[in-house]
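The values are calculated or read from the model by the stated rules, or taken from the named source; none is laboratory data. Quantities reported herein were computed from a predicted structural model and do not represent experimental measurements. Here the Cβ positions follow ideal geometry from the backbone for every residue, glycine too, while neighbour counts run over all protein chains shown.
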Amino acid sequence: VEASIPEPQRAAWTKHQIKPFTGQDGFENEVVRHVETTLARSMFNCDESAAYAATSLAFRDRLILEWNKTQQRQTFADSKRVYYLSLEFLMGRALDNAMLNIGQKDVAKSGLSELGFRIEDIIDQEHDAALGNGGLGRLAACFLDSLASLNYPAWGYGLRYRYGIFKQEIIDGYQVEVPDYWLDFNPWEFPRHDVTVDIQFYGNVTKSQDDSGKTRAHWEGGDHVTAIAYDVPIPGYDTPSTNNLRLWSSKAASGEFDFQKFNSGEYESSVADQQRAETISAVLYPNDNLERGKELRLKQQYFWVAASLHDIVRRFKKSKRPWSEFPDQVAIQLNDTHPTLAIVELQRIFIDIEGLAWDEAWNIVTQTFGYTNHTVLPEALEKWSVPLIQNLLPRHLQIIYDINLFFLQSVEKEHPGDRELLGRVSIIEESQPKMVRMAYLAIVGSHKVNGVAELHSDLIKTTIFKDFVEIYGPDKFTNVTNGITPRRWLHQANPRLSELIASKTGSYNFLKDLTELNKIELYVNDADFRKEWQEIKYANKVRLAKHIKNSTGVTVNPAALFDVQVKRIHEYKRQQLNIFGTIHRYLTLKAMSPEERKKAQPRVTIFGGKAAPGYWMAKQIIHLVNNVGAVVNKDEEIGDLLKVVFLEDYNVSKAEIITPASDISEHISTAGTEASGTSNMKFVLNGGLIVGTCDGANIEITREIGEDNIFLFGNLAEDVEDLRHAHTYGSHSIDPDLNKVFKAIEDGVFGQPHDFLALISAVRDHGDYYLVSDDFHSYIETHTVIDEAYKNQEQWLTKAITAVSRMGFFSSDRCINEYAEEIWNIEPLKADKPEGVKDGE
Ligand code: CJB
């Protein structure tokens with residue numbers, strides 16, 4: 001506000017207001033201007049990367065103009081905002097999305113063509129923004145798209161990692177990790193060197209009495225690091241609303257770069273301080289569904305939540321409202337437990353800095369936060385050791401203990417004498433060392449807790465959070481089934497299918513209200529419609545076949561059944577079940593007579609996904625897939641009947657090529673382990689069918705699209721515990737077909753058996769925790785059913801069209817509207833211009 005232009009001079013500003021480019025001519029003008037000035041190049045020196053840069057800058061200029069207006073509008077309307085705190089935002093590419101959301105892709109296409117470029121090549125120049133591991137990070141990205149598209153006043157807060165998720169290379173069948181330095185040229189961010197927050201670590205706590213005799217805590221000493229904001233504009237689809245994703249980057253606190261040291265010749269230690277500070281935001285932890293309790297990760301978490309919270313509080317304070325109105329202005333959603341320290345930090349700001357009483361502060365805090373749980377896997381539930389927190393965040397540990405004390409007192413009051421209950425629900429686990437259970441802290445500090453699919457939300461209520469349902473009652477716990485943005489996952493990934501749908505529904509409005517897809521069910525028997533649908537699927541498969549050829553050298557037949565499993569490699573997701581099943585298929589084909597083989601359904605089995613660098617079993621799975629491919633793909637007897645490929649470096653932009661090209665995709669987690677899954681939704685939305693277990697969102701997908709249009713198999717979640725118990729304490733016999741697979745591996749059919757023995761013994765000797773053997777028969781049989789079903793192409797097509805027409809529920813727009821209504825209590829703010837425009841942020 002201090003820097004705003006005085007009233008009398010504002011007319012000049014209004015007169016010179018910058019207008020976004022219009023039309024093809026305007027676009028070309030901007031591209032040439034950016035090439036010649038921003039990039040200091042010319043038409044004699046403009047390659048595809050320069051054309052990408054200039055195109056992006058032209059669109060970025062547009063976005064930022066809308067961003068400014070959106071922020072001014074929100075400030076002027078004084079509307080409640082939601083802040084989505086996520087350590088991961090798996091955004092993928094921005095240019096294509098920006099062109100589509102703004103509605104200027106056609107303009108850009110013809111403009112670029114006139115300037116001598118193909119738009120596809122230019123889009124392809126962009127490096128994915130890969131600030132996430134898997135589903136959790138991509139969900140955050142889909143949510144940002146929906147929040148902007150639905151005109152909700154919303155900000156994302158995350159970390160600006162210098163290195164995103166590593167790039168995966170496959171060398172001799174093994175995964176090799178290569179650093180992903182993605183910031184070489186990133187036109188989509190705006191450094192805000194004026195928006196900084198000082199962040200403190202370590203130090204100690206002292207107490208003093210203030211004037212009124214109240215005790216105040218002071219956190220003193222320790223290290224200081226500066227957080228710098230980088231803003232990324234997030235355009236809504238077909239709306240001027242442009243929200244903000246603010247990513248924090250760390251650097252040495254000003255004054256921290258020790259000029260004394262520097263001048264006295266201690267360059268090295270002075271530079272070392274600098275580097276230590278920058279390390280905080282240097283790299284994304286590459287684990288999915290696993291927490292390892294590393295100090296640097298805790299530092300990242302606190303750095304990010306402290307910066308975000310101070311930013312949010314600073315913004316609230318400008319409104320001059322009383323603190324009691326904080327929850328009317330601010331909703332904060334915790335994407336998993338990673339940002340749980342935000343609860344503690346806000347309480348600290350209120351009581352230590354702003355001088356509020358504990359109860360008053362705590363009441364505001366709990367009304368502000370909502371917590372989303374994304375997993376029940378025990379190894380993924382965050383716990384931090386008390387000594388670690390004590391050292392890094394001494395004041396926060398005190399507050400955590402106080403939160404726990406008051407919480408346990410209230411439990412004791414309602415359940416007198418139940419000491420076991422107190423032990424079970426305590427935020428502090430009485431282990432050696434003591435641990436802080438972050439999920440419990442998140443529950444206690446939030447007003448709503450949600451799971452991400454119906455089964456998952458039921459499971460958390462009956463298992464890991466059962467006691468809390470008892471304590472708080474069931475209303476605090478709710479479900480919001482995940483969703484995906486149809487803009488990226490239909491229109492952008494599959495433009496021809498989107499166009500075909502629009503030709504039948506009458507407009508592209510289904511991209512804003514996905515339930516309109518149901519209109520295409522009317523055309524399920526329309527011969528022309530069916531033919532075109534079929535052609536589009538085939539063209540998408542041809543495109544993927546080319547990609548497979550380029551990246552692996554393997555030639556695949558686009559007419560074969562494409563069977564895809566792409567996601568993080570994890571034992572619970574059971575890629576091992578898939579590759580064992582694939583080996584079984586190979587052995588079966590080998591045992592057939594030439595006559596029998598003629599009747600077999602040709603298949604391409606496609607895998608993709610990264611393994612966490614320290615996850616040895618997952619890496620063995622990748623190795624086995626590659627070795628099986630090496631044997632099968634060169635077996636002339638088998639030919640096109642079976643090809644097995646592993647696609648290197650699966651990421652968002654590759655998913656946009658792979659998803660539209662599947663006939664079948666695999667979502668085959670052990671029942672009760674996959675919280676939701678979201679790629680299941682993407683594949684069905686693109687006209688692929690699913691083979692899956694009764695897990696996560698597969699169950700709701702079945703409910704929506706009908707049992708006839710999905711291939712379900714395997715044991716149910718309710719039976720898993722008994723089966724595991726039987727494996728450990730009863731006799732455990734392995735499925736005979738699976739034993740044949742094991743034998744082939746052990747015989748060395750797929751290379752040195754030694755490398756794969758751990759995969760086998762996990763099933764045979766170590767209790768088969770993921771029920772691979774229990775589900776094997778049902779899995780194999782279901783694939784036989786799939787082969788037969790696929791031979792009836794007409795019926796298959798009917799299933800695919802019907803399934804797509806019933807996928808409306810799985811839009812992230814539906815999902816965000818549910819959060820807005822049930823958890824955040826926020827309203828959209830449409831883009832009708834306010835009369836006078838007030839100052840922005
Ligand atoms: N999820 O990607 C992750 N990482 C985690 O650490 C925990 C969960 C996934 O979140 C997705 C979005 O909610 C879910 O669809 C998926 O089932 C879950 O594994």
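A few remarks follow.
- Listed here are the helices (runs of 4 or more DSSP H) enclosed by the range 664-770 that have at least 2 residues being closer than 26 Å to residue 290 by Cβ and within 14 Å of the ligand (Cβ to nearest atom): 679-685, 698-705.
- Near pairs, Cβ below 7 angstrom, 6+ apart or cross-chain, from the range 6-22 (part of a loop (DSSP other than H, G, I, E, B)) to any residue that is among the charged types (D, E, K, R): 20/62; 21/30; 21/62
- Cβ pairs under 8 Å, 6+ apart, first in the range 265-276 and surrounded by 12 or more Cβ atoms within 10 Å (Cβ to Cβ), second not hydrophobic (A, V, I, L, M, F, W, C): 266/258; 270/258; 270/261; 273/256; 273/258; 274/251; 274/256
- Those helices (runs of 4 or more DSSP H) lying entirely in the range 439-528 with at least 3 residues in contact with a helix residue (DSSP H, G or I) (Cβ under 8 Å, 6 or more places away or on another chain) and within 16 Å of the ligand (Cβ to nearest atom): 454-462
- When 158, 164 are checked against the criterion of being in contact (Cβ under 8 Å) with a residue 12 or more places away in the chain, within 16 Å of the ligand (Cβ to nearest atom) and farther than 30 Å from residue 823 by Cα, 164 stands alone in meeting it.
- Options 141, 148, 54: the member that is touching a Phe, Trp or Tyr at 6+ places or on another chain (Cβ under 7 Å) and either within 16 Å of the ligand (Cβ to nearest atom) or assigned to a helix (DSSP H, G or I) (or both): 141
- Check on residue 657, assigned to a helix (DSSP H, G or I), away from the ligand (no atom under 16 Å from the Cβ) and surrounded by fewer than 20 Cβ atoms within 10 Å (Cβ to Cβ): yes
- Restricting the first member to the range 689-711 and to residues that are farther than 16 Å from residue 567 by Cα and modelled with pLDDT of 95 or more, and the second to residues that are of a type in the set (Phe, Trp, Tyr) and away from the ligand (no atom under 14 Å from the Cβ), the beta-carbon pairs closer than 8 Å and six or more apart or on different chains are 689/711; 689/796; 700/809; 704/809.
- Residue match in the range 370-392 (condition: away from the ligand (no atom under 16 Å from the Cβ), within 22 Å of the chain's Cα centre (by Cα) and crowded, with 19+ Cβ neighbours inside 10 Å): no
- Residues (exposed (fewer than 15 other Cβ atoms within 10 Å of the Cβ) and of a type outside the set (Ser, Thr, Tyr)) located in the range 505-518: 506, 509, 513
- Residue in the range 570-592 that is more than 28 Å from the chain's Cα centre (by Cα), over 19 Å from residue 625 (Cα atoms) and assigned by TED's automatic domain parsing to the domain that holds residue 694 present: yes
- Scanning the range 110-125 turns up no residue that is outside any helix (DSSP H, G or I), in contact with a Phe, Trp or Tyr (Cβ under 8 Å, 6 or more places away or on another chain), among the charged types (D, E, K, R) and within 30 Å of residue 42 (Cβ to Cβ).
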